[in-house]
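See structure below.
The values are calculated or read from the model by the stated rules, or taken from the named source; none is laboratory data. A quick note: this is a predicted structure, and the numbers were derived from the prediction, not measured. For neighbour counting, all protein chains shown are included, and Cβ atoms are generated from backbone atoms with ideal geometry for every residue, glycine included. Accessible surface is based on the protein model in full, side chains and every heavy atom, while ligands, DNA and RNA are left aside. Shrake-Rupley method; radii C 1.70, N 1.55, O 1.52, S 1.80 Å.
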Amino acid sequence: MTTPAAAKPLVSVLIPAYNHERFVQRCLDSVLEDPYPAKEIVVIDDGSTDRTGEKIAEWIKAQGHLLRVEYVQRENRGISAAWNELAARARGEFLRLCASDDYLLPGGLEAQVRYLQMHPTKRAVVGDSIVVDQYGNKLHDSGMRDLHHADKRLYSSDEGIRRAVISQWAIGGPVALLHKSALETIGRWTEGLRIDDWDFFLRVAACDALGFIDVHVGAYRLHGNNVSKTRHTATRIVNLTESCEVARRRADLFDEPHRTLLKAQAHYICAKIAFLQKRMFVLAFHMLVYLALLAVSKLRLPPIGTLLEKT
């Protein structure tokens, strides 16, 4: 028997939109296409300079009678501030995160809500994604495996999740659902950051509050303006520098050996910066420290077979 919509917890789909006039209506359509019945959309046009705002308004005029939509158009304040405002405006018990150039896949909401209901100690759950290009053509079957080259088996245990989130960040695209109440304990997004998602999920993983389902719940779109995939050297250095600062700031949230593992990751990121800056001696120093800290952390980590024994 199917559960009536009135008995389902409300999911608020949060959509920060910025200069995605080509993609935002596909994103909004995907919320309607998901069969989960108890849902709303909260969308902010974060100071777009193209026709993103007009596209959202057109969609609401045509489709807005089919579900509740709250739409805000304002000046640009950055992605972290947008997430915080979206969450504050949401009425749902659960928050689904989806950038305006990505889109949801049908069935994802139901699967993730069910997981969190069955695992009350978890405050957030992530799934996998497919990867598409700017035209919607599929590039990869698994964002985690094919794009980020992650071992998804690590995500089957709390120990593995901590290790994976620290050393092999692979949570990208519209794949996360969280309890709104989690923001009261874990904290909100750190405003001013560009690498806001890693900072947020490090805090979730440090509390063993992150779960994983091996289900394709969204589509991550690769195009020329993805922040994490830029080839512009100066921008990459800025992003990596911020990532290094995040790693150092959040290390104290973890117990050993993961604290040391995150400190090692900070030096690995610094080595990448030195490589881009062509500072070979600095690169060598950070790599030596990275390898030393990595060795120390592994002395305290369980054998890899223990991490992967749950399936």
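Going residue by residue through segment 158-167, is there one that turns out to be closer than 23 Å to GLU33 by Cβ and open to solvent by 10 Å² or more (accessible area, probe 1.4 Å)? No, because not a single residue in segment 158-167 is closer than 23 Å to GLU33 by Cβ and open to solvent by 10 Å² or more (accessible area, probe 1.4 Å). Counting residues in segment 52-74 that are of a type in the set (Val, Ile, Thr), more than 23 Å from GLY136 (Cβ to Cβ) and modelled with pLDDT under 95 gives zero. Specify which of the listed residues (ALA271, ALA219, ALA264) is closer than 30 Å to ALA17 by Cβ and either acidic (Asp, Glu) or modelled with pLDDT of 95 or more (or both). That would be ALA219, the only listed residue that is closer than 30 Å to ALA17 by Cβ and either acidic (Asp, Glu) or modelled with pLDDT of 95 or more (or both).
Within segment 278-300, the set of residues being open to solvent by less than 80 Å² (accessible area, probe 1.4 Å), farther than 18 Å from TRP169 by Cβ and either of a type in the set (Gly, Ala, Ser) or not in a helix (DSSP H, G or I) (or both) comprises ALA284, ALA292, ALA295.
Pairs are defined by a Cβ separation below 9 Å, a sequence spacing of at least 6 or placement on different chains, a first member in segment 128-149 that is over 16 Å from VAL215 (Cα atoms), and a second member that is part of a helix (DSSP H, G or I) and open to solvent by 10 Å² or more (accessible area, probe 1.4 Å); the pairs so defined are GLY136/ARG26; LEU139/ASP146; LEU139/LEU147. So which pairs qualify, if the first residue must be in segment 179-195 and in contact (Cβ under 8 Å) with a residue 12 or more places away in the chain and open to solvent by less than 40 Å² (accessible area, probe 1.4 Å), the second must be of a type outside the set (Gly, Ala, Ser) and assigned to a loop (DSSP other than H, G, I, E, B), the Cβ gap must be under 8 Å, and the two must be at least 6 apart or on different chains? Filtered contacts from segment 179-195: HIS179/GLU93; HIS179/ARG123; ALA182/ARG123; ILE186/ARG123; ILE186/CYS207.
For (1) crowded, with 22+ Cβ neighbours inside 10 Å; (2) within 28 Å of ASP199 (Cβ to Cβ), each residue gets a yes or a no:
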position: LEU10; (1), (2): no, yes
position: GLU21; (1), (2): no, no
position: SER30; (1), (2): no, yes
position: PRO37; (1), (2): no, no
position: VAL42; (1), (2): yes, yes
position: ARG51; (1), (2): no, no
position: PHE94; (1), (2): yes, yes
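Applying the condition of being touching a strand residue (DSSP E or B) at 6+ places or on another chain (Cβ under 6 Å) and not small (Gly, Ala, Ser) to segment 127-140 and asking which residue is nearest to TYR115 (Cα to Cα) yields ASP128. Taking helices (runs of 4 or more DSSP H) that do not extend beyond segment 169-251, which have at least 3 residues that are of a type outside the set (A, V, I, L, M, F, W, C)? Those helices (runs of 4 or more DSSP H) span 196-206, 233-250.
Considering segment 88-147, the qualifying strands (runs of 3 or more DSSP E), each wholly inside and each with 2 or more residues that are under 25 Å from VAL69 (Cα atoms), run over 94-97, 124-132.
Residues checked against (1) open to solvent by less than 10 Å² (accessible area, probe 1.4 Å); (2) of a type outside the set (A, V, I, L, M, F, W, C); (3) under 28 Å from ILE56 (Cα atoms):
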residue: ARG74; (1), (2), (3): no, yes, yes
residue: ALA82; (1), (2), (3): yes, no, yes
residue: TYR103; (1), (2), (3): no, yes, yes
residue: ARG114; (1), (2), (3): no, yes, no
residue: TYR135; (1), (2), (3): no, yes, yes
residue: LEU139; (1), (2), (3): no, no, yes
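Taking GLY64 as the residue in question, decide whether it is open to solvent by 10 Å² or more (accessible area, probe 1.4 Å) and on the phi > 0 side of the Ramachandran plot. The answer is no for GLY64. Identify, by number, the condition in (1) touching a residue at least 24 places away in the same chain (Cβ under 8 Å); (2) part of a helix (DSSP H, G or I); (3) over 19 Å from LEU105 (Cα atoms) that SER48 doesn't meet. Going through (1) touching a residue at least 24 places away in the same chain (Cβ under 8 Å); (2) part of a helix (DSSP H, G or I); (3) over 19 Å from LEU105 (Cα atoms) one by one, SER48 breaks only (2).
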